[in-house]
Amino acid sequence: MKRAYKITLAFIFFLVAIFDQGHFFVAGLEAADARWGLLANEGFDQHRIKATLFFPGQARDGTSPYECSPGSNLFLYTVHPKDSRHLNWAQSQQNRDFVIGRMTEAGINVVVMSSWGEDFLPCSTAWTPWAPMQCSTQSHDELFSSVAGEHVLIIPFIESRADWSFRDEFPTWGDQIAPGTVSQIVNFINRYIEGNQGRRRQNSWARVYNRNGEPKYAVSLIHASSNRLGRNDHSAFARGFDSMADEVLQRTGIEVGFFIDVLPPGTNAPGVFRPSYSTTAQYLKQQDSILGIMCFIPEVWVGSSNDEYLINWKRTFSRGWSNTGIPFLMDISPGYDAHIVFPNSVQYGLNTSWMQSLTGMVQEFGSDGLMYNSWNGYTEGMAAVVLQEHGDLFYKWLGELTCMYEHATCSDLVRCEGGARPTDLNGDCKVDFLDLAELLAHWLENYDPQSSP
């Protein structure tokens, strides 16, 4: 009996040791690291992502501050910023500082940077045909320079463009692994990690923990589907992301990982293969390069303008992906209205009822993180900034959403709880012996023995 008791006790201590190291094995499979999907940069370690999609650059207002000369699209706006500094990004560093400041004041800690191709592409095929702002690679440089020293990071967001889309080359094009996607990631690395300028900027590129607790430079991919696979090629689709990451590693020595905008099956979304939470997710969970799910208004593919129907659909979709165990950033938008640029497109939201329903989804499914679409999508009615049409309704809403869950920083605590505690004398959001020391130091500075009785 004593021997059996000792063996049982030793086994219990063994299990405790395993849990203490953050690992647990079931049927030979190691559980995911608890940090999966959280930020890994210094100063942000294990912080939950609170992101917004941002179209950097000057408005398409007829000016040409960068390498191309696009036509104006101001007449396509369905919402308009109240402060013109949001449209004049390229005019001054002060304007850029203002925009970044408004983001951080709303609780944003990650800017998801819209990108439309490498810096060597001609104007005819890069950002010029489709980007809603002048999203030149020079505007990317301006963004990286502007966030330096601020409490905000950047995740590059690879967009579909006029002559290229992710789904047409993923996972392979001939004997090449997603050549256009890999090329764009390598181009980012060359600009923002390698070389003298890159070394100054690399700390601003968000690094995120993968399922093994390994930090990866994060890249977000819009419209994740495939025309190169069959409808049921779930495993091949999932394995393609690790293949891309391996290809980038071989070319650059840099480890990257991916947030993906999963295009929903059973909708109007493009792609022969579209990933599902019911089947594809179990294969995605096994990939070291998958950092999480970061969607871009998936409800737009349903093809309905009925708010109630879309809310029910979005709740089911979000619950499905949230329950997979893959980090899920709850995507939020104030609504959608692109009736000028896309005359036959759906319109929905942009009202308090829609916002209240999405607030409930953040409460229910947003524990891993938040993705606000978007900061300045004026042609599609998606904006967080103070607007001529809606005032500060959406900006205040964003600030409320970023206050949900834990407060990772002192500034979050002060912002979300309405000011510092009166007894927090040193402003570190803690009331402890350091505050007592501050009080004593203040007393000694002002102590006058001559005036003492």
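Somewhere in the range 213-231, is a residue more than 20 Å from I158 (Cα to Cα) and of a type in the set (S, T, N, Q)? No, the range 213-231 contains no residue that is more than 20 Å from I158 (Cα to Cα) and of a type in the set (S, T, N, Q). Taken together, G320, G253, G240, G230 contain a single residue that is on the phi > 0 side of the Ramachandran plot and over 19 Å from the mean Cα position of the chain (by Cα), which is G253. Tell me, yes or no, whether the range 287-296 has at least one residue that is touching a Phe, Trp or Tyr at 6+ places or on another chain (Cβ under 6 Å) and on the phi > 0 side of the Ramachandran plot. Looking through the range 287-296, at least one residue is touching a Phe, Trp or Tyr at 6+ places or on another chain (Cβ under 6 Å) and on the phi > 0 side of the Ramachandran plot.
Within the range 63-92, the set of residues being outside any loop (DSSP other than H, G, I, E, B) and aliphatic (A, V, I, L, M) comprises L74, L76, A90.
Surrounded by 16 or more Cβ atoms within 10 Å (Cβ to Cβ), at positive phi, assigned to a loop (DSSP other than H, G, I, E, B) and modelled with pLDDT of 95 or more - does that describe any residue in the range 172-189? Yes, because at least one residue in the range 172-189 is surrounded by 16 or more Cβ atoms within 10 Å (Cβ to Cβ), at positive phi, assigned to a loop (DSSP other than H, G, I, E, B) and modelled with pLDDT of 95 or more. Whether a residue is part of a helix (DSSP H, G or I) and either surrounded by 19 or more Cβ atoms within 10 Å (Cβ to Cβ) or not aromatic (F, W, Y) (or both) was assessed, and N203 passes this test. Out of the residues in the range 120-169 that are aromatic (F, W, Y) and not in a strand (DSSP E or B), which is farthest from the chain's Cα centre (by Cα)? Within the range 120-169, the match that is farthest from the chain's Cα centre (by Cα) is F120. The listed residues are G366, G377, G381, and the only one of them that is more than 22 Å from P56 (Cα to Cα) and either in the same structural domain as L53 (by TED's automatic domain parsing) or touching a residue at least 40 places away in the same chain (Cβ under 8 Å) (or both) turns out to be G366.
Residues in the range 329-352 that are of a type in the set (D, E, K, R) and farther than 30 Å from W36 by Cβ: D337 only.
Quick check: anything in the range 277-289 polar (S, T, N, Q), outside any strand (DSSP E or B), touching a strand residue (DSSP E or B) at 6+ places or on another chain (Cβ under 7 Å) and closer than 27 Å to A31 by Cα? Within the range 277-289 (the criterion being polar (S, T, N, Q), outside any strand (DSSP E or B), touching a strand residue (DSSP E or B) at 6+ places or on another chain (Cβ under 7 Å) and closer than 27 Å to A31 by Cα), the answer is yes, since at least one residue qualifies.
Of everything in the range 140-166 that is small (G, A, S) and under 24 Å from L39 (Cβ atoms), the residue that is surrounded by the most Cβ atoms within 10 Å (Cβ to Cβ) is S146. What is the one condition in (1) touching a Lys or Arg at 6+ places or on another chain (Cβ under 9 Å); (2) of a type outside the set (K, R); (3) in a loop (DSSP other than H, G, I, E, B); (4) surrounded by fewer than 23 Cβ atoms within 10 Å (Cβ to Cβ) that G117 does not satisfy? Failing condition for G117: (4).
Residue check: D331 meets all listed conditions (1) out of contact with any Asp or Glu (no Cβ under 9 Å at 6 or more places or on another chain); (2) under 24 Å from V110 (Cβ atoms) but one, namely (1).
Scanning the range 65-100 for residues that are in contact (Cβ under 8 Å) with a residue 40 or more places away in the chain, of a type outside the set (A, V, I, L, M, F, W, C) and over 22 Å from L350 (Cβ atoms) gives P65, Y66, E67, S69, P70, Q93, R96, D97. Checking every residue in the range 191-199 against the condition of being assigned to a loop (DSSP other than H, G, I, E, B) and either crowded, with 23+ Cβ neighbours inside 10 Å or in contact with a Leu (Cβ under 9 Å, 6 or more places away or on another chain) (or both) gives zero matches.
Put simply, of F258, F241, F296 the only residue that is surrounded by 16 or more Cβ atoms within 10 Å (Cβ to Cβ) and part of a strand (DSSP E or B) is F258. Scan the range 7-62 for residues that are among the aromatic types (F, W, Y), assigned to a loop (DSSP other than H, G, I, E, B) and at pLDDT below 90 and the total you get is 1.
The values are calculated or read from the model by the stated rules, or taken from the named source; none is laboratory data. Because the structure is a prediction, the values reported are computed rather than measured. Every residue, glycine among them, receives a Cβ derived from its backbone with ideal geometry; neighbour counts consider all protein chains shown.
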